[in-house]
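Report on the following structure.
No lab work stands behind these numbers, since they all come straight from the coordinates. What you see is a predicted model, and the numbers here were worked out from it, not measured in a lab. All Cβ positions, glycine included, derive from the backbone under ideal geometry; neighbour counts span all protein chains shown.
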Amino acid sequence: MGRIPEVKAFLIADTVLQEKGSNKWSVIGIFDRVWSHAYPTARPTVGIYVKLADARGTYRIAIEFRNAKDERLARLDAPPLVAPPEATTLDFGIQTPPLPIPAPGRYHLVLFIDDELAQMVPIEAVKMDPPPGMRS
C-alpha cells in the first residue's frame, strides 16, 4: 500500500454540486454546527467536498460519522477514486444519506483513504430553545 494523498480541503456543507462542462465544484452552505429543538434528530443530508494533492493511482474512500466516544454512527463507502496520470490535485464531492444525531454534543466526520485516517472535521450538535408558545 502506497502513501495516501495529502488532504488540502475537507468541507461539510448543505450541498455540493459539480457543474457540467467546466467540472467546477460549488460548495453551498458550509457549516460546523447543527441546531435542533429536540433530540434525537437526524441531519437529512450533508454535502462533503474533498480536495487531494499528490494523488497517484486508485483509492478506496470511506467517510464515517462518529460521536465524541469515537463510536461509528454511520458510514458511507464512496466509489473508487481514480487519479489521472497528469493530475496534480484531485477533488470530489458527495452527498451523504441522513445522519443520526442522538443527543447534543460533539461529532466528527472522518475521512479514510485506503482504510487510513486522512482527516477529521468536527460538528457540534446544539439544542435550541423551542420557539415562544411551544414551551411545555
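When the dipole is taken about the Cα centre of the chain, and only Lys, Arg (+1) and Asp, Glu (-1) are charged at their Cβ, what size is it in debye, to the nearest 20?
Around 320 debye, computed over the chain.
Only counting other Cβ atoms within 10 Å, I'd like HIS37, HIS108 sorted with the fewest neighbours first.
Ordered from fewest to most neighbouring Cβ atoms within 10 Å, HIS37, HIS108 come out as HIS37, HIS108.
Quick one, which of [x] -0.42, -0.65, -1.32; [y] -0.52, -0.76, -1.38; [z] -0.73, -0.95, -1.28 is the actual log10 I(q)/I(0) by the Debye sum over Cα atoms at q = 0.12, 0.15, 0.22 Å⁻¹ calculated for this model?
Evaluating log10 I(q)/I(0) by the Debye sum over Cα atoms at q = 0.12, 0.15, 0.22 Å⁻¹ on these atoms matches [y].
Tell me, what is the percent relative contact order of the chain, built from C-alpha pairs under 8 Å that lie six or more residues apart?
30
7 Å from Cα along Cα→Cβ at both LYS127 and ALA38: what's the point-to-point distance in nm?
1.4
FRET efficiency for ASN23 and LEU73, Cβ-Cβ distance as r, R0 = 35 Å, nearest 0.05?
0.65
Provide THR88, THR45 in ascending order of the number of other Cβ atoms located within 10 Å of each residue's Cβ, fewest first.
So the residues, fewest neighbours to most, are THR88, THR45.
Using +1 at the Cβ of each Lys and Arg and -1 at the Cβ of each Asp and Glu in region 1-100, identify which of ALA74, LEU11, SER26 lies farthest towards the dipole's positive end.
Farthest along the dipole direction, towards plus: ALA74.
Compute the separation of the alpha-carbon centres of region 1-30 and region 78-134 and state it in Å as a whole number.
12
Order by neighbour count: GLU86, GLU19, fewest other Cβ atoms within 10 Å first, most last.
Fewest-to-most Cβ neighbours within 10 Å comes out as GLU86, GLU19.
Say the dipole of the chain comes from +1 at the beta carbon of Lys and Arg and -1 at that of Asp and Glu; which of PRO85, GLY105, HIS37 then lies farthest toward its positive end?
Projecting each Cα onto the dipole axis, the largest value belongs to HIS37.
Among DSSP beta bridges whose residues both lie in region 6-127, state the antiparallel percentage, nearest 5. Present the calculation step by step, with values, prior to reporting the outcome.
Values: 46 of 50 bridges.
If I count the DSSP bridges inside region 6-127, around 90 percent turn out antiparallel.
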